[in-house]
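Before any comments, here is the structure.
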Amino acid sequence: MQNTTEQTTTPEKQKTSTWSSAEELVSGFQFEPDFISGLMKAGVSPSDPTTLEYANNLSAYSESFIAAREIDQTISPDLAQQITLVANAPLFVNNQEKLTSYESERKRYRLPDDDWKDYQLLKQSVVVFNQQLSSYAYSHPDDRLSDVNKALVNSALNSHPRDARIVEKHITDTTRGARTEAVTRQLLDISGVPYTPGTAKDDGKGGDVIVHYKGNNIKVDIKSSLSDIAYVRGGYDEIENEHRLYAISKRPNEKVSDHVVKLYPGFEDKDIGDALGIKPDTGFAITRSQLIAIQLQKAIQELGL
């Protein structure tokens, strides 16, 4: 596949940031008079950070905090993004936990209308958080994953002190997925495959990125594990025999544009280490980018495009 003007560009190398600054700032919100006043007006106890209302107010206050400092240019874009993620970590864990519960219920019976609406809102909120995290990882490849995990876990634990294992699982799962998406985008940049990042609406339908081919927009759902591909294909046999690291998820009567290519980019956490991204001029980056291009070409042929 030849690249087009729709391709994105490889992010410039960024200086390693200190997530501890964002963590300290967000932790200090609890002592800010405006934050306390806002909680009390909403009928929320400033001394109890474990309520959903507290998490919602923390998220809202972080927006106003950033907006005020962006006007007088006293905050960097990097720090603003970090504060947003740290301040929203408690709400993300709350929403992800509820979403997990709804997913379990959906496997047993159809959700009532009210629960279905709540499920859709929760899913949208989680998708937005994941996209913000993935976007940050893509543009800050030199940041350390361990720093991100520490800041987000610590923030979420303040609101979920009794659920340490749950908090750590939700945070590390989402940072791992976000990094996989970010690195895959870097590899797509190197390969020259034309694509654009998926919108929140695209992402909700499985389109982490949208690959462009001969006027077609192909949703690609990036997976962190080969088991996700095997699940759709019904086992590992075809993967082993045909070296296919993708699977196509489709339903009867769907248009080709509605099909989703689930892609395992062919690397594991150990291949990247603690960085959020990769060095584009390494042998690893070059060989993996070629692998992804080949897998997407196979998927396009299977789609009949």
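The values are calculated or read from the model by the stated rules, or taken from the named source; none is laboratory data. Since the model is a prediction, treat every value here as computed from it, not as a measurement. Please note: Cβ atoms are built from the backbone with ideal geometry, for glycine as well, and neighbour counts cover all protein chains shown.
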I'd like to know if segment 194-201 contains one or more residues that are at pLDDT 95 or above, among the hydroxyl-bearing types (S, T, Y), under 16 Å from the mean Cα position of the chain (by Cα) and surrounded by fewer than 22 Cβ atoms within 10 Å (Cβ to Cβ). yes
Pick out the one residue from Y231, Y264, Y195 that is of a type in the set (S, T, Y) and within 18 Å of S139 (Cα to Cα). Y195
With (1) modelled with pLDDT of 95 or more; (2) over 21 Å from the mean Cα position of the chain (by Cα) as the list, and Q73 as the residue in question, which single condition is left unmet? (1)
Condition test on A55, is it part of a helix (DSSP H, G or I), buried (at least 19 other Cβ atoms within 10 Å of the Cβ) and assigned by TED's automatic domain parsing to the domain that holds R144? yes
When segment 272-305 is checked residue by residue, the ones that are outside any helix (DSSP H, G or I) and closer than 17 Å to G177 by Cα are G273, D274, A275, L276, G277, I278
Condition first: hydroxyl-bearing (S, T, Y) and within 15 Å of E181 (Cα to Cα). Can you find one or more residues in segment 261-271 that meet it? yes
Residue count for segment 248-305, restricted to those that are of a type in the set (D, E, K, R) and within 24 Å of the chain's Cα centre (by Cα): 10
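Over 20 Å from T172 (Cβ atoms), in a loop (DSSP other than H, G, I, E, B) and more than 24 Å from the chain's Cα centre (by Cα): which single residue out of S37, S45 fits that description?
On the way: S37 fails: in a loop (DSSP other than H, G, I, E, B).
Answer to the check: S45.
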Those residues of segment 170-193 which are free of Cβ contacts under 8 Å to residues at least 24 places away in the same chain and crowded, with 16+ Cβ neighbours inside 10 Å amount to none
Picking from V148, V167, which residue would you name as being under 27 Å from Q30 (Cβ atoms), crowded, with 19+ Cβ neighbours inside 10 Å, touching a His at 6+ places or on another chain (Cβ under 6 Å) and β-branched (V, I, T)? V167
Take K270 and decide whether it is exposed (fewer than 15 other Cβ atoms within 10 Å of the Cβ), in contact with a Gly (Cβ under 9 Å, 6 or more places away or on another chain) and farther than 23 Å from L305 by Cα. no
Quick check on this structure: which one of N94, N88, N130 is assigned by TED's automatic domain parsing to the domain that holds F65 and within 18 Å of G204 (Cα to Cα)? N130
Flag for V209 being within 17 Å of the chain's Cα centre (by Cα) and closer than 25 Å to L58 by Cβ: no
If R185 passes every condition in (1) of a type in the set (K, R); (2) closer than 27 Å to Q290 by Cβ; (3) at pLDDT below 95 but one, which one does it miss? (3)
Condition (residue is of a type in the set (S, T, N, Q) and under 30 Å from S257 (Cβ atoms)) applied to segment 146-166: is it met by at least one residue? no
